[in-house]
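Read the structure below first, then the notes.
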Amino acid sequence: MWVLVLSVVLPAVALVTTPLPAADAAGSVVRVRLRQAVRQLPEAREVRSGYDRDKFRLWVDADGDCRDTRDEVLADESLVPVSGCDVQRGRWRSWYDGRSYRRSSQLDIDHLVPLAEAWDSGARRWNAVTRERYANDLRDPRTLVAVSASVNRSKGDQDPAEWLPRLAKCRYLRDWVAVKIRWSLTVDRAEKRALTRRAGHCANQVIRVRTARIGRHTSGGGTAGGGTGGATGLDPRFATCTEAEAHGYGPYYQGVDPEYAWYRDADGDGEVCE
């Protein structure tokens, strides 16, 4: 009896080769594999001079729902529903060390790329509004994570050349790279070497990230990354909210974004340009 054997040729899997966007390409979606992403991270010397944690405003209630950024992260990451403006109880698992908690007081909200590290690698050139947006970034869940307070404090402001969590090292590495891409941050030589070495031991997964809008200081004392219109000097003054968003700006929140006063909040919910 003859047996017919069919030979099936599977198509090659296409590699993702999206280059990292320019720092001013706000809203760009990057899809790139981990090892290539590490290679493409711009290398630069870190500068700590001028750093002050108070230059990053914490924690704000951007959407006016009574929960500030810390409480929003706690609510999002709790494994059970939580209640109240000040989240006190829930159920959390710190993926840095695998420990579980019922009381929020046992947790810190970690900036995965610490504020000091962000300052060293680019944030020193940002305007105050951009630093505040970074410090309270809820648009990408990798920027802020609820973790064991003791572990977070042992990490301090160290980068992956100096510190990694006990568990989920590859996840931490991918998320670190994603945050650096999102906020157009650089890496120093030791950091890049460590990322390159450690990435070789992790699955070469695709990282997907949307880049953030960056407003920078100019040598004239104003800000760059959005023009010089109006009193704030942050964004050009567009005729309508739709036009502003078409150029990559917004949304704007009352008490957070200086541009808020330039646009009308039609339904009074704290957000204009809807």
Problem - Selected residue [surrounded by fewer than 18 Cβ atoms within 10 Å (Cβ to Cβ), in contact with a strand residue (DSSP E or B) (Cβ under 6 Å, 6 or more places away or on another chain) and either at pLDDT 95 or above or not assigned by TED's automatic domain parsing to the domain that holds Tyr96 (or both)] from Ala178, Ala149, Ala190 - result: Ala149
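Please verify whether the range 116-132 includes one or more residues that are outside any helix (DSSP H, G or I), crowded, with 18+ Cβ neighbours inside 10 Å and more than 18 Å from the chain's Cα centre (by Cα). Full working, then the answer.
Just the residues of the range 116-132 that are outside any helix (DSSP H, G or I), to begin with: 121-122, 126-127.
Within this subset, residues satisfying the condition of being crowded, with 18+ Cβ neighbours inside 10 Å are 121-122, 126-127.
Okay, now just the ones that are also more than 18 Å from the chain's Cα centre (by Cα), so none.
Within the range 116-132, not a single residue is outside any helix (DSSP H, G or I), crowded, with 18+ Cβ neighbours inside 10 Å and more than 18 Å from the chain's Cα centre (by Cα).
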Handout entry: Pair list, Cβ < 6 Å and 6+ apart or interchain, from the range 74-96 residues that are farther than 20 Å from Ser150 by Cβ to residues that are part of a loop (DSSP other than H, G, I, E, B)
Key = Ala75/Val82; Ala75/Val87; Cys85/Cys66; Cys85/Arg67
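Across the range 199-216, what is the number of residues that are in contact (Cβ under 8 Å) with a residue 40 or more places away in the chain and within 13 Å of Leu173 (Cα to Cα)? So that I can check it myself, show each step before the final result.
Our first condition is that a residue be in contact (Cβ under 8 Å) with a residue 40 or more places away in the chain; within the range 199-216, this holds for 199-200, 202-216.
Keeping just the survivors that are within 13 Å of Leu173 (Cα to Cα) gives 199-200, 202-207.
Of the residues in that region, 8 qualify.
Which ones in the range 193-228 are assigned to a strand (DSSP E or B) and at pLDDT 95 or above? Steps first, answer last, please.
Here is the first cut: in the range 193-228, the residues assigned to a strand (DSSP E or B) are 206-210, 216-217, 223-224.
Val206, Ile207, Arg208, Val209, Arg210, listed by residue number.
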Practice task
Test Val80 against the stated conditions and say whether it is at pLDDT 95 or above, of a type in the set (A, V, I, L, M), more than 20 Å from the chain's Cα centre (by Cα) and in a loop (DSSP other than H, G, I, E, B).
Solution key: yes
Practice task
Determine whether the range 57-71 contains at least one residue that is assigned by TED's automatic domain parsing to the domain that holds Ala199, under 26 Å from Arg189 (Cβ atoms) and either touching a His at 6+ places or on another chain (Cβ under 9 Å) or not acidic (Asp, Glu) (or both).
Solution key: no
Handout entry: Scan of the range 88-111 for residues that are surrounded by 19 or more Cβ atoms within 10 Å (Cβ to Cβ) and in a loop (DSSP other than H, G, I, E, B), ordered by number
Key = Ser94, Tyr96
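The values are calculated or read from the model by the stated rules, or taken from the named source; none is laboratory data. Nothing here was measured: the structure is a model prediction, and the numbers come from that model. Note that each Cβ is placed from the backbone with ideal geometry, even for glycine, and that neighbours are counted across all protein chains shown.
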